[in-house]
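Undergrad: Just passing along the structure, written as structure tokens.
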Amino acid sequence: MELTWQTIAAVAGAVVLLYNAAKVLYSLAMPIVTTKRNSDAAAKELPEISVEVENLSESIKAVGEKLDKDYQRITDLQKGNEALCRAVIALLEHGADSNHKGQLSEAKKGIIDYLSSRKVVG
């Protein structure tokens, strides 16, 4: 078989044509393969993410419970401060004019009620 420049050019053209066809097919198939790999990787990560979400949910619940307790403590302290302020005012009024024994008794009762509700007294 005689090799001529024309035969060599035809074979080289065929090789280039096959290369370009393979390149086009690869560029068409690659997004499909990549999508499949990404979906497989996402499916593997899904249980891990689910566990993380569950842990975060438990943490948020615990923080919420602590927040509720803190709010209750602050409310109780405000009530105590109000009772103590009423007692101080009653003492000042009593000291100023040696009267207002009723207010002193009410203030004393308020402080005792507050302290007993907090389980500090008796």
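The values are calculated or read from the model by the stated rules, or taken from the named source; none is laboratory data. Keep in mind the model is a prediction, meaning the values are calculated, not measured. When we count neighbours, we look across all protein chains shown, and the Cβ atoms used for this are built from the backbone with ideal geometry, even at glycine.
Undergrad: Can you spot a residue in the stretch 87-100 that is touching a residue at least 24 places away in the same chain (Cβ under 8 Å) and part of a helix (DSSP H, G or I)?
TA: Yes, that holds for at least one residue.
Undergrad: I've got another one for you. For Ser57, indicate whether it is at pLDDT 85 or above and in a helix (DSSP H, G or I).
TA: yes
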